[in-house]
Amino acid sequence: MKNKTKWQELTEKGINAVFMLCGIVAVGFVLCITVHLVIAGLPAIMKIGLPTFLFGTTWQPTATTTEPSFGILPFILTSIYGTAGAVLIGVPIGLLTAIFLAKAAPPKFAKLIHTAVELLAGIPSVVYGLVGMIILVPGIQRAFDLPSGATLLAAIIVLTIMILPSIINVSETALRAVPREYEEASMALGATEMETFFRVSVPAAKSGIAAAVVLGVGRAIGEAMAIIMVSGNVANLPGLLTSVRFMTTAIASEMAYAAAGSLQQQALFSIGLVLFLFIMMINVFLNVFVKGRRTA
Amino acid sequence: MDTIMEVKDLNLWYGDHHALHDINVDIPKNQITALIGPSGCGKSTFLKTLNRMNDLVENVKITGNIIYNNENIYAPKVDVTWLRKRIGMVFQKPNPFPMSIYDNIAYGPRTHGITSKVKLDNIVEKSLKDAAIWDEVKDRLNTSALGMSGGQQQRLCIARALAVEPDILLMDESTSALDPISTGKIEELAVELKKKYTVVMVTHNMQQAVRISDYCAFFLLGDLVEFSKTEEMFSMPKDRRTEDYITGRFG
Amino acid sequence: MVENVAVSQPVAQPTGFSKRKLWNQGAKALIWGSAILTCVLLAFLIGYIFYRGVPYLSWELLTSQSSYVKKTIGILPNLMNTLYIILVAMVIVLPLGTGAAIYLTEYATNKKLVKLIEFASEALTGIPSIIFGLAGLVLFSEMFGLKQGILAGGLTLVMMVLPVIIRTTQESLKTVPNAYREGSLAMGASKWHMVRTVVLPNAVDGIVTGCILSIGRIVGESAALLFTAGFGLVLNDFFTALESSSATLTVALYVYASERGETNVAFAIAVILMTLTLILNFSANYAAKKLKN
């Protein structure tokens with residue numbers, strides 16, 4: 001019997017190790033990002049004090065005549081309201097479109113809408129921001145007679161359009177997975193197609209639809225470039241028709257000119273850390289919630 | 001015997017495939033009519049023409065008349081949702097909704113406009129009793145229907161169909177996915193049900209047809225070969241093909 | 001048991017509950033309306049961008065760099081930067097991601113490790129781009145001492161796009177029938193030989209799809225590149241760009257639109273980006289269809 005040569009054994013082990021290393025790099029990335037975000041974000045929080053940071057309502061990091069203040073509550077609230085607004089409008093429209101695609105669409109029309117959704121998903125965020133800046137902002141200014149149309153409302157509209165494709169795709173998959181037997185049973189009892197879709201198919205797909213909502217929330221709260229051009233970039237407490245700043249746009253707009261190593265720059269990293277934790281919390285919470293319902 | 005449905009010159013095509021040829025039969029009221037025949041002979045297809053479930057299939061073409069309640073059910077102005085309320089169906093594989101037992105039964109009545117909780121409670125209780133399953137589930141009406149055994153689920157589906165107060169119950173091989181004990185229970189149930197309802201059932205199982213049906217319709221390759229009282233068909237079949245099938249020469 | 005009640009008489013057809021009909025018609029209107037709205041949104045977006053941008057797509061714009069002296073604007077540097085960064089990112093992420101996918105489908109024995117890697121990959125997809133930008137800033141610029149440039153930006157993009165490559169390659173590897181693997185091993189091939197000669201060639205379509213998807217993401221990315229690749233609008237050759245502040249097309253769009261007020265240039269860039277997106281989209285679909293056959 002011919003035995004494997006030492007050389008053969010070594011090469012095989014080596015190749016195995018190389019590929020395993022590639023896999024571990026992915027884990028490494030996550031670890032590095034988390035660790036370094038924490039390291040970069042903690043100093044400012046410690047210097048400013050966690051309560052003052054999270055709940056302070058004034059953000060003036062470069063104030064010279066008074067003490068600079070680093071309260072990020074306006075950003076946190078704006079991100080929450082903006083995301084909530086986008087989800088409240090986007091989920092119904094997205095779900096309805098998904099029902100259309102999964103159940104009611106004539107085949108040619110379905111293909112058309114599918115292509116539309118895919119293309120919408122592929123448009124870069126800055127392009128959304130540009131169109132929003134040129135059309136939405138002046139539009140809102142005229143409609144509500146404001147000094148500037150760059151408002152939370154404009155941002156919510158942009159965010160809604162941006163999260164539509166995610167919601168539509170995941171909901172559609174969930175709806176298509178509903179067993180045909182449920183729908184046949186419903187129709188055999190004398191229900192119409194619409195009644196079947198809304199009263200049987202949608203409830204049967206609810207965990208998939210919940211996943212779609214989670215996806216939408218994640219995308220909305222993390223968006224920066226699409227809304228930086230339409231939201232006004234002022235650190236106000238959020239109001240629908242006020243210029244606002246999100247956690248994301250705060251980082252994007254000030255990082256460029258914050259002095260390296262300054263408390264301002266460190267505070268921006270802290271905002272990043274808060275955002276990161278927010279998103280992790282949302283994912284964990286909603287995943288437990290969704291998975292919990294599935295096993296119930 | 002009173003007739004509840006008259007089928008006249010019924011033909012059905014799936015695309016180019018001529019699946020049912022010139023079917024003529026009168027379905028007797030308050031009797032169990034069994035549709036028998038080898039696989040692919042058209043009996044399930046025929047069953048589905050009776051409540052227009054074939055409408056859901058693409059490329060289906062149907063000619064002929066089916067008279068029920070003095071009207072052709074294929075007339076354009078017929079409200080199909082009303083028709084399916086009067087003619088209920090139980091499928092081969094039990095298919096309760098992923099909802100509570102109560103909501104499964106209440107689904108039909110709610111769809112047709114009944115919202116009062118009192119009325120729904122009564123309908124749920126009555127339907128579950130008619131389906132001989134009330135005692136087993138009365139204490140867990142709010143638990144998921146998917147937690148029941150196959151036999152129980154099928155009786156639930158029967159109860160669900162009964163909840164909308166049909167005249168006719170169509171059963172499409174409803175016991176073929178069940179164990180012998182559950183099958184027996186459902187056969188007993190069918191015999192009870194015919195006092196109030198008319199039952200038309202497709203079955204693969206000739207012994208089942210002999211056991212519980214009053215009339216039999218033998219289908220072969222899309223033709224209705226013979227229709228007669230069960231006793232007559234199995235003791236003195238009129239057609240040579242019927243005799244060959246029931247004596248097991250093919251099928 | 002069923003009571004012996006008189007059999008119910010056939011009931012005449014109802015003339016239609018108007019509330020129920022109304023509900024049904026409303027539901028139908030809502031779902032058709034939403035679908036049409038989605039279409040209209042897209043048509044409007046594409047239409048408006050092309051309408052505003054195409055008139056400003058000049059040869060000068062595409063082949064020169066902005067000059068304050070001549071008072072002209074050119075986006076050639078940004079075109080080149082986008083190309084450079086695609087190159088850098090793909091050259092690194094392709095072997096890395098493919099290697100990880102091969103490990104997960106062909107070599108992995110430790111189930112916990114597989115779950116960990118897959119979890120990490122999932123986690124990466126959930127992180128917003130601005131956080132990647134911050135992480136890139138900290139990791140590559142500050143820790144590794146890289147200056148703002150294509151290299152730092154490209155490495156940041158590697159982190160973002162890695163899950164895409166891993167996922168699509170994994171799916172593609174899984175579609176290769178086990179019979180091929182068994183046939184090769186039965187002839188005495190070593191595992192790597194089997195993977196290299198029998199599995200990978202049959203998974204190429206999926207890997208290509210993954211590449212196209214990744215390039216699509218890279219082209220459209222902006223937030224992650226603001227602080228890692230920078231805002232520079234100067235034309236550089238590849239090696240200089242690696243370590244100099246270099247704005248890609250998307251970042252340039254942002255700069256021209258909001259800081260320089262040159263909305264026409266911004267729309268012209270938007271047209272280029274949209275066209276690239278459309279081409280990449282159709283290519284990905286085409287490659288995916290080939291994969292299915």
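Odds and ends about this structure:
- Residues satisfying the stated conditions in the stretch B:178-197, i.e. in a loop (DSSP other than H, G, I, E, B), within 12 Å of another protein chain (Cβ to nearest Cβ) and more than 14 Å from B:Ser127 (Cα to Cα): B:Lys194, B:Lys195
- Flag if B:Phe218 is aromatic (Phe, Trp, Tyr) and crowded, with 16+ Cβ neighbours inside 10 Å: yes
- Per-region count, the stretch C:30-61, residues assigned to a helix (DSSP H, G or I) and either in contact with a Gly (Cβ under 7 Å, 6 or more places away or on another chain) or more than 10 Å from chain A (Cβ to nearest Cβ) (or both): 9
- Counting the residues of the stretch B:115-160 that are within 14 Å of another protein chain (Cβ to nearest Cβ) and hydroxyl-bearing (Ser, Thr, Tyr) gives 4.
- The set of residues in the stretch C:141-172 that are under 18 Å from A:Met255 (Cβ atoms), within 14 Å of chain A (Cβ to nearest Cβ) and not in a helix (DSSP H, G or I) comprises C:Lys147, C:Gln148.
- Hits in the stretch B:198-209 - residues which are more than 14 Å from chain C (Cβ to nearest Cβ) and in contact (Cβ under 8 Å) with a residue 24 or more places away in the chain: B:Val200, B:Met201, B:Val202, B:Thr203, B:His204, B:Asn205, B:Met206, B:Gln208, B:Ala209
- For the stretch B:71-98, a tally of residues being surrounded by fewer than 20 Cβ atoms within 10 Å (Cβ to Cβ) and more than 25 Å from B:Lys61 (Cβ to Cβ) returns 2.
Per-residue answers, yes or no, for (1) outside any helix (DSSP H, G or I); (2) surrounded by fewer than 23 Cβ atoms within 10 Å (Cβ to Cβ):
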position	(1), (2)
A:Val202	no, yes
A:Ala212	no, no
A:Ile221	no, no
A:Leu237	yes, yes
A:Ser270	no, no
A:Val274	no, yes
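- Residue in the stretch C:228-243 that is over 26 Å from C:Gly53 (Cα atoms), modelled with pLDDT of 90 or more and outside any helix (DSSP H, G or I) present: yes
- The helices (runs of 4 or more DSSP H) falling completely within the stretch A:119-176 that include 2 or more residues that are buried (at least 22 other Cβ atoms within 10 Å of the Cβ) and at the interface with chain C (Cβ under 10 Å from one of its Cβ atoms) map to A:125-131, A:152-176.
- Residue list for the stretch B:81-107, restricted to those being within 8 Å of chain A (Cβ to nearest Cβ) and not in a loop (DSSP other than H, G, I, E, B): B:Thr81, B:Trp82, B:Leu83, B:Arg84, B:Lys85, B:Gly88, B:Met89, B:Tyr107
- Of all residues in the stretch B:198-238, those satisfying the criterion of being of a type in the set (S, T, N, Q) and more than 17 Å from B:Asp26 (Cβ to Cβ) are B:Thr203, B:Asn205, B:Gln207, B:Gln208, B:Ser235.
- Among residues of the stretch C:70-106 being within 13 Å of chain A (Cβ to nearest Cβ) and farther than 14 Å from C:Ile166 by Cβ, the one that is modelled with the lowest pLDDT is C:Asn78.
- Test: residue in the stretch C:113-123 that is surrounded by fewer than 24 Cβ atoms within 10 Å (Cβ to Cβ), under 28 Å from A:Pro124 (Cβ atoms), under 24 Å from the mean Cα position of the chain (by Cα) and facing chain A (nearest Cβ under 8 Å): yes
- Restricting attention to the stretch C:173-196, the residues that are without any contact (Cβ under 8 Å) to a residue 24 or more places away in the chain and either within 14 Å of chain A (Cβ to nearest Cβ) or not in a helix (DSSP H, G or I) (or both) add up to 10.
- Meets criteria (facing chain A (nearest Cβ under 10 Å) and polar (S, T, N, Q)) for C:Ser214: no
- Scan of the stretch C:247-258 for residues that are assigned to a loop (DSSP other than H, G, I, E, B) and touching a Phe, Trp or Tyr at 6+ places or on another chain (Cβ under 7 Å), ordered by number: C:Ala247
- Members of the stretch A:239-268 found to be loosely packed, with under 14 Cβ neighbours inside 10 Å and touching a strand residue (DSSP E or B) at 6+ places or on another chain (Cβ under 8 Å), listed by number: none
- Every residue from the stretch B:51-75 that is in a loop (DSSP other than H, G, I, E, B), polar (S, T, N, Q) and over 24 Å from A:Glu181 (Cα atoms): B:Asn69, B:Asn70
- Here the condition is being more than 26 Å from C:Ala257 (Cα to Cα) and modelled with pLDDT under 90; of C:Ser121, C:Ser64, C:Ser141, it holds for C:Ser141 alone.
- When B:Thr33 is tested against (1) among the hydroxyl-bearing types (Ser, Thr, Tyr); (2) touching a residue at least 60 places away in the same chain (Cβ under 8 Å); (3) surrounded by fewer than 16 Cβ atoms within 10 Å (Cβ to Cβ), only condition (3) is not met.
- Every residue from the stretch C:227-276 that is under 19 Å from the mean Cα position of the chain (by Cα), within 11 Å of chain A (Cβ to nearest Cβ) and over 26 Å from A:Leu268 (Cα atoms): C:Ile269, C:Ala270, C:Val271, C:Ile272, C:Leu273, C:Met274, C:Leu276
- Checking each residue in the stretch A:102-118 for being closer than 21 Å to A:Phe198 by Cα, within 7 Å of chain C (Cβ to nearest Cβ) and in contact with a Ser or Thr (Cβ under 9 Å, 6 or more places away or on another chain) picks out only A:Ile113.
- Note on the stretch B:138-156: residues that are under 17 Å from B:Tyr107 (Cα atoms) and not basic (Lys, Arg) amount to 9.
- Residue check for B:Ile212: within 14 Å of chain C (Cβ to nearest Cβ) and at negative phi: no
- When the stretch C:99-112 is filtered for residues that are surrounded by 13 or more Cβ atoms within 10 Å (Cβ to Cβ) and not in a helix (DSSP H, G or I), only C:Ala108 remains.
The values are calculated or read from the model by the stated rules, or taken from the named source; none is laboratory data. None of these values were measured; they are calculated from a predicted model. Backbone-built Cβ (ideal geometry, glycine too); neighbour counts: all protein chains shown.
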